[in-house]
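Please treat every number below as a calculation from the coordinates, not as lab data. Because the structure is a prediction, the values reported are computed rather than measured. Here the Cβ positions follow ideal geometry from the backbone for every residue, glycine too, while neighbour counts run over all protein chains shown.
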Amino acid sequence: MVAMAIPQLNHAPLSLRAPRPVAASARAASTGAFPLSIATPTSPSSSLKKKVLVPIGMGTEEMEAVILVDVLRRAGADVLMASVEPDLVVEASSGTKLVADVGIDACADEVFDLVALPGGMPGSVRLRDCEVLRKITVKQAEKKRLYGAICAAPAVTLMPWGLHKRKQITCHPAFMDKLPTFRAVKSNIQVSGELTTSRGPGTTFEFALSFVEQLFGGDVAEDIGQKLLVPAHGCYQRKEELNKVEWFFDQTPDVLVPVANGSEEMEVVMLVDILRRAKVNVVVASIEKTKQIIASQKTKIIADTSIKDASKSTYDLIILPGGTAGVERLQKSRILKKLLREQMEAGRGYGGICSSPTILHKHGLLKDKIATAHPASIGKLTSQVAEGVGVVIDGKTITGRGLGTVMDFSLAILDKLYGHARARSVAEGIVFEYPKKT
């Protein structure tokens, strides 16, 4: 099974480098990711297209659903996100609107290699009460094909269907008392025959990579984990802050997250979900002609508003998600360029993750700043950059390395907005290991 550990905060001196020519500093996307410990050999059938069902309903945990879909698609699976609601548009637990690929009825006669249930409340109840999904999942178990559930879903969805019997099982800590005591296991991932269960949003990368390993083999899981920059113990320093200033607001902070076709859906959803859990007012704004965007791994997301309408307000913080195609589109937005320039001139906060710090650099927002970015993009920054650091805060600017550091990145923002205790509380709620204050 995929073995991962979250690294502890490292207080070693920050390693900086001076600017390099872009061509000389470009590196592979997987540089710096600690290899995953996987003993399973690649399956002979790993080249075959595997079919996966990820059902969603009103109140589904969006991080869990989107990470599952994204990671499995990267591995080469044919993933269907199916709505158990009358409509394909589903509002998830923290308000993100996802557009399913199909309705669940269209899946009734399909054969899946894997059925993976995200959690969230009341999403897990909505899944439980869907008779079509129940029949699909029961048949999956009877045929000895892979199935799994995370967060609340093992207790709320699988147990009423009787699919936990004779299985060791885990779930979100808040629902552990619902599980049979002699079968409950307090582990991030529990594989028991065809059933795999996990604890919450903070363990979803492990959950998804476990399925990649089971479907495609260890080599594929290791490769995907490295490309996602999934952290492993001792891999890199989690966070560094320089030129420390207070981020103080006398009202609920307003944060703008601009998105485009090709934006990285995992980054958008994790950032928005975590900030909203702390009651931050987050506005997701599309720079496209419609509020719906098609993200990098084909997940469809409906933004809250358009960038034109969003530009009528001011924000305490503007955060740019990555995704190569999305970054190219964001970079061309004149409205966003104007908003970022005004943000800097007014002394308000801004930041980016993955490849998006290159937008900040191009627009002159990283002058005299120390930053980080995805290993494949960091060479494009001609300011000083922090080597081997997941998240860098310089004054009111925050930058992050990539997908595997988004939770740290988002919690670092909460730490600055509300303090360490609030960030740690949110981390505990999503079952993510967050360092104690030192």
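Note on segment 50-103: the alpha carbon radius of gyration divided by the globular reference 2.2 N^0.38 Å gives 1.05. One decimal place: the segment Ser192-Arg422 gains 79.3 nm when fully extended, by the rule 0.36 nm per residue minus the C-alpha distance.
Highest GNM mean-square fluctuation among Pro201, Pro357, Pro375, for the chain modelled with Cα contacts below 10 Å: Pro375. Ranked from largest, the principal axis spans of the Cα set of segment 163-317 equal 57, 34, 34 Å. At a temperature of 4 °C and a viscosity of 1.567 mPa s, determine how fast the chain diffuses translationally according to Stokes-Einstein, using the Kirkwood radius over alpha-carbon pairs as Rh; express D in µm²/s, rounded to the nearest whole number. After rounding, the answer is 59 µm²/s. Among the GluC sites (Glu not before Pro) in segment 298-403, none is located in a DSSP loop while being surrounded by at most 10 other Cβ atoms within 10 Å of its own Cβ. Modelled label positions at Arg348 and Arg334, each set 7 Å beyond Cα in the direction of Cβ, lie 2.1 nm from each other.
Comparing Ala285, Leu317, Phe216 along the charge dipole axis of the chain, the residue lying farthest to the positive side is Leu317, per the Cβ-charge model.
Checking every one of the trypsin sites (Lys or Arg not before Pro) in segment 165-253 against DSSP loop status and a limit of 14 other Cβ atoms within 10 Å picks out Lys165, Arg166, Lys186, Lys244.
For segment 239-326, the Stokes-Einstein estimate of translational diffusion at 25 °C and a viscosity of 0.890 mPa s comes to 179 µm²/s, using the Kirkwood hydrodynamic radius over alpha-carbon pairs. Please work out the C-alpha center-to-center distance from segment 341-355 to segment 270-294 and express it in whole Å. Between the Cα centres of segment 341-355 and segment 270-294 lies a distance of 17 Å. Segment 384-438 and segment 83-157 have Cα centres spaced 31 Å apart.
The simple Förster model, with R0 at 30 Å and r as the Cβ-Cβ distance, assigns Thr181 and Glu131 a FRET efficiency of 0.50. Beyond 17 Å, what share of the Cα-Cα pairs of segment 190-246 remains, rounded to the nearest whole percent? That tail contains 53 percent of the Cα-Cα pairs. In segment 298-438, the DSSP beta bridges split such that about 30 percent are antiparallel, to the nearest 5. Once you order the gyration tensor axes a ≥ b ≥ c over the Cα atoms, which shape class does segment 302-343 get: rounded for a/c under 1.5, otherwise prolate or oblate by comparing a/b with b/c? Because a/c hits 1.5 or more and a/b exceeds b/c, segment 302-343 counts as prolate. DSSP finds beta bridges in the chain, and of those with both partners inside it, around 35 percent are antiparallel. Overall form of segment 120-191: oblate. Here a/c, set by the Cα gyration tensor axes a ≥ b ≥ c, is 1.5 or more, and a/b is not larger than b/c.
Placing pseudo-labels 7 Å out from each Cα toward the beta carbon at Asp105 and Asp250 gives an inter-label distance of 5.6 nm. Where only DSSP H runs of four or more residues are counted, the chain gives -8000 deg cm²/dmol as its mean residue ellipticity at 222 nm, each run worth -39500 (n - 2.57).
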